[in-house]
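Below: one structure, written as structure tokens.
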Amino acid sequence: MEPLMAVAIGILFAAAIYMMLRRSIVKLVIGLMLLSNAANLLIFATAGMVRGAPPLVPKGMTAPAGAVADPLPQALVLTAIVIAFGVLSFAVVLVRRAWEIVRADDLDRMKDTDT
Amino acid sequence: MQLALLSGFVVAGFAPLLHRWFGARTPLVMALLPAFLAAWLMGLWPNVTSGETLLLEWAWVPGLDITLTFLIDGLSWLFAMLITVIGALVLIYSGEYLRGHRDLPSFLVVITAFMMSMLGLVLADNLVTLFVFWELTSLTSYLLIGFNHTDPDSRKAALQGLFVTAGGGLALMAGLVMLAMAGDSWSLYELVQRGEVLRDHALYTPMLICLLIGAFTKSAQFPFHFWLPNAMAAPTPVSAYLHSATMVKAGIYLLARLHPALGGTDGWVITLSLVGALTMVTGAFLAIHHTSIKKLLAYSTVMALGTLTMLLGVGTQKALIAFVAFLVGHSFYKGALFMVAGILDHETGTKDVTAMGGLRQVMPLTAVVAGLAALSLAGLPPLLGFVGKELMLAAVLEAVDWRPLLLALALVAAILTLAAAAIVALRPFFGRRQETPSTPHEPPRAMLAGPAVLAVLSLLFGLMPGLLDSLASVTVAGIALEGGEGGAAEVHLALWHGFNLPLLLTFVSLLLGLLVYRHWDTLRTWLARLDPLMKRGPEAGYDALMAGMVAFAYWQTRMLQNGYIRNYLVMTLLVLVGLVGHALFFRHAPEFDLVLSVYLHEAIVVGLMVAGGVSACVMRSRLAAVAAVGVMGFSIALTFVLFSAPDLAITQLLVETLTVILLVLVLFRLPHFATLSTPGERLRDLVVASLTGGLITLLMLSVLAGERLPRISDYMIANSQPLGHGHNIVNVILVDFRALDTLGEVFVLALAAIGVYAMMRFHASSQWTQPSPRKNDDD
């Protein structure tokens, strides 16, 4: 499964970077979303993907019975998903605000607009 | 002694406090420091003249083999004595010169610090110590030249001096390191005894080049001579002290010090003789070109420095004796003349010699002092300058290489120097009395004391040069080539050598020099026609270099810091791909484990994910793009479900839902997608993106194939229930094992929420009353 994921993640990264290189600010936001998702998947998949063994301790036991999926990357990714959402909402509102004031969708034109 | 030196820096720091206590008398109080050091050096006179070499050792950085060892032999004693004696006189002088000046305390700080640095330089035995003090003199010199910091010319000259000397300092450092490597020692004392090894070493030539660049820049040798006259923007005490008597001689000191170790080779002899002779003539020629008394003196200093370098290049015993005599003579008369120049400037309000005349009536004492010093400069009997010049001519007459050329240049320099001396001594004091900006009268005693003492010393040593015999003997022995002719021979300096060729040459130069003086004004107008040529001199090269550097910096900034986010991204990504890719493929051969076990439904989920991501890029409608991103997000949630990450799946679902809602709410207030880039740009971006994506894939594959270290999560799995009392290990990690991280995350979210709220509250209509969004800097 991991090699397939590796290819998929590579494609998502490429898509994210392509969008971030656009001059349109809305596309930049979309690129940001793709990037955070791709990065989360990268952390998750690199730790090894295990089917049907969630990191849970059954009731009445002190440790999982057999091997379980690595909980640490999951914890990291969980944090990252939430942070990414925070960043995204901030970015979206910022872009909206900039658009309202500057009325320019083009990052290059924003560069030398004073208003 | 080391303590005395370091305490000197401390005293320098206390100068403002002393100034509060003693007021205008502070310079006199501070002059006690060099006077005390001079007295201490005088106490070493018996040891030094008996040919002893004193090594005062004090470990500074023992781990790096850096010691603050002082090496006191004839040469360093001579230099140290000049530094302390002239230092004391200059301090006394500057008290009057800068009386009531707002920045007098800071001036005293810097000049005392300079004095100590210079002393450290000539006394240092360890190469690192020497270099540190060397750079300190450059820095303090920078501060002193730029003393009138409100004057742009002053600042420019200071910067120029710093660039040239510190640039040479870099070369010097390389040279010193090579020297230490080749000689296997950091001690000058040991290195000068290993001349044989050093001269045969493979590093000899690069070492010599680097050391010479260092010494030549510091001592204003051609083609680096231009910074010295510009440095005359400094107050006159500084010019008298740093730029004639001491600092510019640091390079000369270094050359003399290294002469036994590196001298005697063809490279040394030819380079030093020719550069020295060329500098000598250039200096003398440019001196009579100027009417500003300080510039004139500055160029004649260049001439003297060239002479000293040439003598070291010739390197015979006679040349070295001449070197010592000329060095002492020059320090005396040039210090005196600069101080006289300061007096004239102070009293008349002008620096232009052509604007002065007949001052002898109002300033008789100054006129006498100036006359004595100028006679010494001109090299006329019975002054020390005469002794030095006679010896110099005699040495050149016996030079081994290039004798006719050196002799001709020396004669030209002597004629022009005589003319310069006449200009300085006769022009302001004799002739018709001229109106000057302020009414001159005899300067205060403290101001006249310095030049008077130096002029009298010139006369005294001129009449009785024998006083210098013992010192000259040990100094010459110390800097002569070992095994070379006459290392320890007794030196007898005398005023009168009988009728010989040097005397004849002096006579010739006297006649021709006076002739030049007589026709100076016509000569100058004639020389003015050469001005366009002068503007193409080495200084133009310096200016071009500076302008080029600034232009390069502009260009580079425009290239690298152009303000376009995508250019930054492209550059960063390409560097990333280049470096990581290089490491991945060339540092260790990549191994990929491509065993694939996939169920159909998994493949479909991954396929949906990729399709969502890619179509988000190609959709032309904003809503469709958001929908595509949503598809991708939910596929990712499904992936988490399939691969044992229920918590992630829940979070992803929640966040994805929220994101879609947010985007839909905000999106229609946003602009439509626009196609702004050209196809070429899109292709470039596609290539960069694909390269990066490909790199990530390869990187991940090689990580998967690589060996795994023991997981830290084993501890968390084992202790989640016993220690954390939780059955969901991921949750326990978040709220227990790594609770601080989660707290940080909460803060980030709170900040983002505040930011979002703030931006929503300000309406676009209020844009004129609200501060406008931060403008991107254009440059």
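The values are calculated or read from the model by the stated rules, or taken from the named source; none is laboratory data. Keep in mind it's a predicted model, so treat the numbers as computed, not measured. Every residue, glycine as well, gets a Cβ built from its backbone with ideal geometry; the counts of neighbours run over all protein chains shown. All accessible areas refer to the heavy atoms of the entire protein, side chains included, with ligands and DNA or RNA removed. Shrake-Rupley method; radii C 1.70, N 1.55, O 1.52, S 1.80 Å.
Just to be sure, is B:M42 under 24 Å from B:P451 (Cβ atoms) and buried (at least 24 other Cβ atoms within 10 Å of the Cβ)?
no
For every residue, the table says whether it meets (1) surrounded by 14 or more Cβ atoms within 10 Å (Cβ to Cβ); (2) without any contact (Cβ under 8 Å) to a residue 12 or more places away in the chain; (3) at the interface with chain A (Cβ under 7 Å from one of its Cβ atoms).
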site	(1), (2), (3)
B:L653	yes, no, no
B:P671	yes, yes, yes
B:L676	yes, yes, yes
B:L709	no, yes, no
B:Y715	no, yes, no
B:N719	yes, yes, no
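Please tell me if B:T129 is open to solvent by less than 30 Å² (accessible area, probe 1.4 Å), within 26 Å of B:A449 (Cα to Cα) and assigned to a helix (DSSP H, G or I).
On the way: open to solvent by less than 30 Å² (accessible area, probe 1.4 Å): yes; within 26 Å of B:A449 (Cα to Cα): no; assigned to a helix (DSSP H, G or I): yes.
No.
Please verify whether segment A:45-60 includes one or more residues that are more than 15 Å from the chain's Cα centre (by Cα), under 22 Å from B:H601 (Cα atoms) and more than 7 Å from chain B (Cβ to nearest Cβ).
Within segment A:45-60, one or more residues are more than 15 Å from the chain's Cα centre (by Cα), under 22 Å from B:H601 (Cα atoms) and more than 7 Å from chain B (Cβ to nearest Cβ).
Which pairs do you get when a residue that is within 17 Å of B:A245 (Cα to Cα), found in segment B:362-390, comes within reach of a residue that is of a type outside the set (A, V, I, L, M) and part of a loop (DSSP other than H, G, I, E, B), reach meaning Cβ atoms under 9 angstrom, with the pair 6+ apart or on two chains?
Between residues of segment B:362-390 that are within 17 Å of B:A245 (Cα to Cα) and residues that are of a type outside the set (A, V, I, L, M) and part of a loop (DSSP other than H, G, I, E, B), the close pairs are B:A370/B:P428; B:A370/B:F429; B:G385/B:G379; B:G388/B:G379.
So, B:V575, is that one open to solvent by less than 70 Å² (accessible area, probe 1.4 Å) and either closer than 20 Å to A:I11 by Cβ or more than 10 Å from chain A (Cβ to nearest Cβ) (or both) or not?
So B:V575 fails the test.
Quick one: which helices (runs of 4 or more DSSP H) lie wholly within segment B:260-352 and hold at least 3 residues that are surrounded by 24 or more Cβ atoms within 10 Å (Cβ to Cβ) and of a type in the set (V, I, T)?
Where helices (runs of 4 or more DSSP H) fall fully within segment B:260-352 and carry at least 3 residues being surrounded by 24 or more Cβ atoms within 10 Å (Cβ to Cβ) and of a type in the set (V, I, T), they are B:293-314, B:317-348.
Residues that are touching a residue at least 40 places away in the same chain (Cβ under 8 Å) and farther than 26 Å from B:H243 by Cβ: which helices (runs of 4 or more DSSP H) entirely in segment B:14-85 hold 3 or more of them?
Once the helices (runs of 4 or more DSSP H) in segment B:14-85 are filtered for at least 3 residues that are touching a residue at least 40 places away in the same chain (Cβ under 8 Å) and farther than 26 Å from B:H243 by Cβ, nothing remains.
With the checklist (1) modelled with pLDDT of 85 or more; (2) under 39 Å from the mean Cα position of the chain (by Cα) in hand, flag the one item B:M464 doesn't pass.
If we test B:M464 against (1) modelled with pLDDT of 85 or more; (2) under 39 Å from the mean Cα position of the chain (by Cα), just (2) comes out false.
What residue, of B:Y554, B:Y568, B:Y517, is assigned to a helix (DSSP H, G or I) and in the same structural domain as B:T279 (by the TED database)?
One residue alone meets the criteria, B:Y517.
Residues of segment B:626-660 being part of a helix (DSSP H, G or I) and touching a Lys or Arg at 6+ places or on another chain (Cβ under 8 Å), which ones?
Across segment B:626-660, the qualifying residue is only B:L642.
Going by what's in this entry, would A:G86 be described as open to solvent by 40 Å² or more (accessible area, probe 1.4 Å), free of Cβ contacts under 8 Å to residues at least 12 places away in the same chain and either within 7 Å of chain B (Cβ to nearest Cβ) or in contact with a strand residue (DSSP E or B) (Cβ under 8 Å, 6 or more places away or on another chain) (or both)?
Numbers: open to solvent by 40 Å² or more (accessible area, probe 1.4 Å): no; free of Cβ contacts under 8 Å to residues at least 12 places away in the same chain: yes; either within 7 Å of chain B (Cβ to nearest Cβ) or in contact with a strand residue (DSSP E or B) (Cβ under 8 Å, 6 or more places away or on another chain) (or both): yes.
No, not satisfied.
Does B:R620 fit the bill of being more than 7 Å from chain A (Cβ to nearest Cβ), without any contact (Cβ under 8 Å) to a residue 40 or more places away in the chain, of a type outside the set (A, V, I, L, M, F, W, C) and open to solvent by 40 Å² or more (accessible area, probe 1.4 Å)?
Values: more than 7 Å from chain A (Cβ to nearest Cβ): yes; without any contact (Cβ under 8 Å) to a residue 40 or more places away in the chain: no; of a type outside the set (A, V, I, L, M, F, W, C): yes; open to solvent by 40 Å² or more (accessible area, probe 1.4 Å): yes.
No: the conditions fail for B:R620.
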